[in-house]
Amino acid sequence: MTMSARHHRFEALVGALLPDLYRYAYWLCRNRALAEDVVQETLLRAWRSLESLRDEKAAKGWLITILRREHARSFERFQPELVDVDEVVLPAESGDAGERAVDAAVLRRAMAGLEPEFREPLVLQVLMGFSVEEIAGVMEINPATVLTRLFRAREKLSVALDRPLQSLESEA
Amino acid sequence: MSMVADATGCIEFRQAIGADPHRRDPALLRHRIGCRSCNQYALGVEQLDRALAVALAVPVPEGLAHRVVLRAMSAQRWSRPAIATAAAVALVALGAVLGVLWSRSPAAYGPMSLGAEVMAHAHHEPSSWQAGLESVKAKRLSGVLERGEIALLDAAQLGPVTYARTCRFRGYDVPHLMVQSVAGPAMVLLLPHERLTTELGLDEDGLRGVIVPVGTGSIAIVAADQAAVAAVRQRLITAVRVGI
């Protein structure tokens with residue numbers, strides 16, 4: 001493969017996935033600068049081992065796997081001082097801003113408060129659109145554990161938001 | 001999945017939908033249609049997920065794609081930490097290679113090199129080689145060493161010195177000695193101003209030698225026989241102090 005063809009292939013592969021890679025990295029480390037560093041290192045490794053990616057449909061999982069490893073490495077190298085998600089100034093979403101924007105900020109705080117083992121599968125499912133089996137593959141845990149964590153993550157969020165998803169006891 | 005039984009109950013339904021709101025198993029759909037409360041639960045989960053999708057989509061830094069993609073492709077096969085490590089290793093390796101080349105190649109005897117000048121001095125002062133076996137007087141030896149800023153620590157260890165003269169060498173007055181050993185005589189230049197980081201071997205026109213870093217200077221030893229070089233070297237290192 002010529003260098004220009006390699007460049008083209010790489011740009012096509014990562015271009016569309018980059019925003020979600022960054023967001024995933026952000027929710028792993030909850031720090032903007034570190035997230036960008038992790039994404040940078042991920043792309044460097046991906047570029048170097050581009051030939052190892054046989055099926056381009058698997059690019060998303062391939063990149064996420066590299067990113068998780070880079071994130072783990074970054075924590076081996078140093079323990080960054082994380083910026084709490086409360087302090088991150090995020091612009092209000094467009095559209096029906098008002099109440100929805102407030103909800104997003106509250107949700108972000110609630111997400112940041114979740115333990116990593118609950119937060120990560122939820123991010124992979126909701127943000128990245130991964131199936132339970134794909135999440136199990138990425139996180140190297142069994143699908144039943146993924147289902148349990150996802151269920152518990154939503155329950156925890158609903159409690160943190162003070163919005164119970166409706167209890168069985170209150171039905172009768 | 002075990003969370004969905006054939007006859008789906010409310011708990012199983014909520015566990016399944018709470019884990020994956022997009023599941024569309026027929027058993028789940030049947031339960032949802034028949035259970036108003038679980039339908040409300042499912043709607044609540046879907047609403048939470050819609051809000052979550054918005055909340056998780058944190059803003060991506062401006063220009064991120066341009067920065068990181070270009071940097072990755074321009075980095076080729078080297079990451080930043082790898083470049084730093086490789087650069088450090090390369091510098092050390094380069095130093096080692098240059099040291100070896102300096103000590104072994106003919107370039108070490110180039111017109112301006114220390115090795116070449118030592119060998120030239122050995123060749124151009126033949127009288128020193130024909131000095132005989134009579135030792136020079138102690139006073140003469142101490143005078144030559146003193147002018148050359150060399151301290152004699154152990155005269156007995158130095159052994160018989162049959163020639164001692166102050167020579168101009170590379171801009172300095174340095175002691176030029178002929179030291180006897182069982183393997184024959186060796187010419188010695190004591191060089192307090194020539195600082196070396198590594199030993200330099202000499203081999204030219206039937207003469208062999210070495211320039212050894214000692215203290216803040218060095219000692220050059222040249223002889224017809226390598227054994228003489230080795231024997232005199234061993235004694236000199238403890239007999240004199242060169243430099244600080």
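Let me confirm something: among B:V240, B:V179, B:V232, B:V144, which residue is more than 19 Å from B:A116 (Cα to Cα) and either in contact with a Gly (Cβ under 7 Å, 6 or more places away or on another chain) or among the basic types (K, R) (or both)? The match here is B:V179.
Only a single item in (1) at pLDDT below 75; (2) buried (at least 18 other Cβ atoms within 10 Å of the Cβ); (3) away from every other protein chain (no Cβ under 11 Å) is not met by B:A90, and it is number (2). The condition of being modelled with pLDDT of 90 or more and either of a type in the set (D, E, K, R) or buried (at least 16 other Cβ atoms within 10 Å of the Cβ) (or both) holds for B:P192.
Residues in the range A:144-172 that are modelled with pLDDT under 90, assigned to a helix (DSSP H, G or I) and either more than 7 Å from chain B (Cβ to nearest Cβ) or under 13 Å from B:A19 (Cβ atoms) (or both): A:V159, A:A160, A:E169, A:S170. For the criterion of being away from chain B (no Cβ under 11 Å) and surrounded by 15 or more Cβ atoms within 10 Å (Cβ to Cβ), A:I141 passes. Residues considered: A:R163, A:R149. Of these, the only one that is crowded, with 19+ Cβ neighbours inside 10 Å and either closer than 18 Å to B:Q15 by Cα or touching a residue at least 12 places away in the same chain (Cβ under 8 Å) (or both) is A:R149.
The values are calculated or read from the model by the stated rules, or taken from the named source; none is laboratory data. Just so you know, these numbers come straight off a predicted model, no measurement behind them. Positions of Cβ are backbone-derived with ideal geometry, glycine not excepted, and every protein chain shown enters the neighbour counts.
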